[in-house]
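> Structure in structure tokens, see below.
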Amino acid sequence: MAIELKDNKFHMFNDEMSYIIEISRQKDLLNSYYGARIDAEDIEIQSNLPGAFFCHADDNAPSYSLSVLAQEYPSAGASDFRSPAYEITNDKGMHTPELKYKSHELVKGKPKISGLPAVYTESDDEAETLIITAADEFYGLEVRLFYTVFEKLNVICRHAEVKNCGKSDMMLNNAQSVSLDFPAGEYEYIHLEGAWVREKHIDRNNVHKGIQGFESRRGASGHTENPFLMFFDKGTNEDYGNVYGISLVYSGNHRFIIEQEAYETVRVQAGINPFEFSFKLSEGEVFTTPEAVLVYSDSGFAKMSHTFHKLYRTRLCRGVWRDKVRPILINNWEGTYFDFTKDKLLNIADAASQIGVELFVLDDGWFGHRNDDCSSLGDWYVNEKKLGCTIAELAEEMNKRGLKFGLWFEPEMISEDSDLHREHPDWSISVPGVKPHLGRHQLILDLTRKEVREYIIGFLTDILNNANIEYVKWDMNRNITDVYSASLPFNRQGEFYHRYILGLYEILETVTSRFPNVLFEGCSGGGGRNDPGMLYYMPQNWASDDTDATERLYIQYGGSMVYPASTVGSHVSAVPNHQVGRISSLKTRGTVAMNGAFGYELDLSLLGEEELNEMKEQIKFYKENRELVITGDYYRLLNPFTSRHSAWMYVSENKKEALVYYVVKTARPSNETVYLQLKGLNPTAKYNVDGKIMTGRTLMNHGVIIDDTEYDGYCRIIRIHNI
Ligand code: DGJ
């Protein structure tokens, strides 16, 4: 790995990848190349103007135009008509700054980003960071662009700092984390779209002329668009083609755009959504963008996913649970919803401990007078009338049964029917004098306010200090409306969405570091905030409120593009399934749910011996294999979006162990024989496949024959080991 500056070119490279920035004679920062490894000295700026109607940026070089040149952090109003990476307005209303290279520094490792989640290094040898300062002296503006290159992974982390170096205030109206300009070509892109209970679905498109993209305006990363983009050469598949994955380490409003202009070049940007965004910068103040993680793969989607998985599992997630296998849990939500008593919970716990479950999670409804979703959020004291004991006593009961105990919270929320709201009616987000819009009968606390953040940290600290709580589920069940904060002056209201997320990160940092041994699982009505920002604080995330096995095939397939299995909360629930009414066998439900942080979410006390025994076997199997699920390289074999079945596998780093999953989504008569071609094995090594010895190359080229009778949900798990 190295970052070199030669002939005015910064070359960031490792064995497989190059990223080249050129400082032009005019001091512009040009985005010269990003892709497979090349030699920087061989390339030159291409600035042939293809026609008229260009403005040139250098009177002595009329063909030099920012309208067509590839740039690192393009300005608005200075002859580039494409999407700018940032926008500012000074106190006189001027808004045409033009950044020119000023200086740079190289640092070992990766500097922390204060107040924001980010990928990290554990030793300075893992990465190197280039910081380029560009400035516009007239506007008193300075922008620092950060690029961290990893030695062993094809990863570049980017973010920017925008500083007001002048005397007067300026407004920052847009600040993207990354801007990339790709040469003319035929490209496609994938984003993970969806809705509540249908998250992270693959949507693959051709890049076409004009602006396309996706965004969130919800105050959260959202169920509808995950903050992740795959941009790639047309025709790329799992194993072939150039892919650029861009993942934004941010949990708030985001925007990704892909802009193909008249001359076929393509600009790709990701960052905070400029929608209703502005940030006032007074003299000397700095705005820091979230981090964008760029992963390059020269051989298709699988390699890109492996890089993201490894990076996010080991250098984004933190804490004692980062490298540990996760406890198998029983959550009472779909089993009881709000209708539980202590006895009912203990009956479930008894059955759970018999079959080998390790953690009991008490979900919503344990506090205030909450027996439905209309009240009590904010009143975080136990409903002893309902539960008949304190939380500490309940935790003890669980511990006696050999189970850890975990608790559900929705800390950011407030019900109108709550003591907290009666006491602090101004703490919720709303426009004074205007009736706010409720979502799930609730309002959201204004996390831009210090006293609100202190209140949340305070009650969580008290509860976690006073009972043996070893797991926390952190939920968030509505999006932000009625945006206004009484704590911000009128010219800072545009900072609200971002300040909310900064407030959330401050709370999460405080609470998770105060309770380092607690396992935190992020949740937002399932996958409403399933993003890398949350993973920095909580190493797992409840991937979706949809627990149906077939639906989960899509959700887990899409999510696997970027998120490692260790981060995916996944449970077996009852049938008929509560979201789609489908009846799947316990075998199918277990097979699908075992691909992540595994658990059960149903009333186990209602089940017969046969089902409990089957679960006991599932748990035994999962315990034997969870290390591989969490740390193995993940290969997608059959795509449920484009075929009637789905298959995937995990391969250990030393290629000695593998675990293959195959599930029929929809069976059909007169079926073909399925030759399931495996991936990632050692071609010449011999493997034992259910007692049959085969070489890696046979398994990968000929495949495993799936010859049993099929039916909807038919599934197989094949364990493979090297002999
Ligand atoms: C939404 C979550 O995703 C569910 O798992 C459950 O915790 C409910 N909220 C509780 O209200």
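> Once amide H atoms are built 1.01 Å from N in the peptide plane, which residues 5 or more positions from Phe182, or in another chain, come under 5 Å H to H?
Here the answer is Val266, Arg267, Val268, since their amide H atoms fall under 5 Å of that of Phe182.
> About its Cα centre, how strong a charge dipole does the chain have in debye, to the nearest 20, once Lys and Arg get +1 and Asp and Glu get -1 at the Cβ?
Dipole size: approximately 1020 debye.
> Next question, about the same structure. Taking the Cβ of each residue in Ile501, Ile38 as the centre, tally the other Cβ atoms inside 10 Å and list the residues starting with the fewest.
So the ranking, lowest neighbour count to highest, is Ile38, Ile501.
> Explain nothing, just the number: dipole magnitude of region 438-551 about its Cα centre with +1 on each Lys and Arg Cβ and -1 on each Asp and Glu Cβ, in debye rounded to the nearest 20.
It works out to roughly 440 debye.
> Please list, in order along region 659-670, the HN-Hα scalar couplings obtained from phi with the Karplus expression 6.51 cos²θ - 1.76 cosθ + 1.60 (θ = phi - 60°), rounded to whole Hz, x for Gly and Pro.
9, 10, 10, 9, 9, 8, 7, 10, 6, 8, x, 6
> For Gly569, list long-range residues whose amide hydrogen, built 1.01 Å from N in the peptide plane, is under 5 Å from its own amide hydrogen.
Asn541, Trp542, Ala543, Ala597
> What are the ³J(HN,Hα) values, in whole Hz, obtained from phi via the Karplus relation 6.51 cos²θ - 1.76 cosθ + 1.60 with θ = phi - 60°, for each residue of region 229-238 in sequence order, with x given for Gly and Pro?
9, 10, 10, 7, 5, 4, x, 4, 10, 4
> Could I ask something else about it? Put +1 on the Cβ of each Lys and Arg and -1 on the Cβ of each Asp and Glu in the chain; which of Cys523, Ala57, Phe81 then has its Cα farthest toward the positive end of the dipole?
Of the options given, the answer is Cys523.
> Next question. When a footprinting reagent is the concern and you count Cβ atoms within 10 Å, what order do Phe53, Phe641 take, fewest first?
Starting with the residue having the fewest Cβ neighbours, the order is Phe53, Phe641.
> Here's another thing I want to ask about it. With unit charges on the beta carbons (Lys and Arg positive, Asp and Glu negative) and the dipole taken about the Cα centre of the chain, which residue among Tyr711, His11, Ile456 sits farthest to the positive side?
Most positive-ward Cα: Tyr711.
> Further question: With +1 on the Cβ of every Lys and Arg and -1 on the Cβ of every Asp and Glu, and nothing else charged, how large is the dipole of region 513-587 about its Cα centre, in debye rounded to the nearest 20?
Charge dipole, region 513-587, about its Cα centre: 140 debye, nearest 20.
> Another question, if that's okay. Using the Karplus curve 6.51 cos²θ - 1.76 cosθ + 1.60 with θ = phi - 60°, work out ³J(HN,Hα) for each residue of region 256-262 in order, rounded to whole Hz, and write x for Gly and Pro.
Computed from phi, the couplings for region 256-262 are 10, 10, 10, 10, 9, 9, 3 Hz.
> Another question, then. By a straight-distance test (C-alpha under 15 Å), which aspartates and glutamates pair with Lys167 as possible cross-link partners, with residues fewer than eight away in the same chain excluded?
Of all the aspartates and glutamates, those that pass the test against Lys167 - Cα under 15 Å, at least 8 places apart if same chain - are Asp91, Asp136, Glu137, Glu142, Glu283, Glu285.
> Run lengths n ≥ 4 of DSSP H only: what is the helix-derived mean residue ellipticity at 222 nm for the chain, with -39500 (n - 2.57) per run over all residues, to the nearest 500?
For the chain, the value works out to -6000 deg cm²/dmol.
> Between their Cα atoms, which of Lys200/Lys655; Lys234/Lys665; Lys324/Lys400 are more than 25 Å away from each other?
Distance filter (> 25 Å) returns Lys200/Lys655; Lys234/Lys665.
> Could you pull out the pairs from Lys473/Lys616; Lys310/Lys656; Lys404/Lys620 whose alpha carbons sit more than 21 Å apart here?
The answer is Lys473/Lys616.
> If you don't mind, there's one more thing I want to ask. Would you list Tyr536, Tyr33, Tyr250, Tyr687 from fewest to most Cβ contacts within 10 Å?
Going from least to most buried by this count: Tyr33, Tyr687, Tyr536, Tyr250.
> Mind counting lysine pairs for me in region 1-135? Cα separation below 30 Å, and the two need to be 8 or more apart along the chain or on different chains.
25
Values quoted throughout were computed directly from the atomic coordinates according to the rules given, and no laboratory measurement underlies them. Bear in mind that the values here come from a model prediction, so they are computed numbers and not experimental data. As a convention, Cβ positions derive from the backbone with ideal geometry for all residues, glycine included, and neighbour counts pool all protein chains shown.
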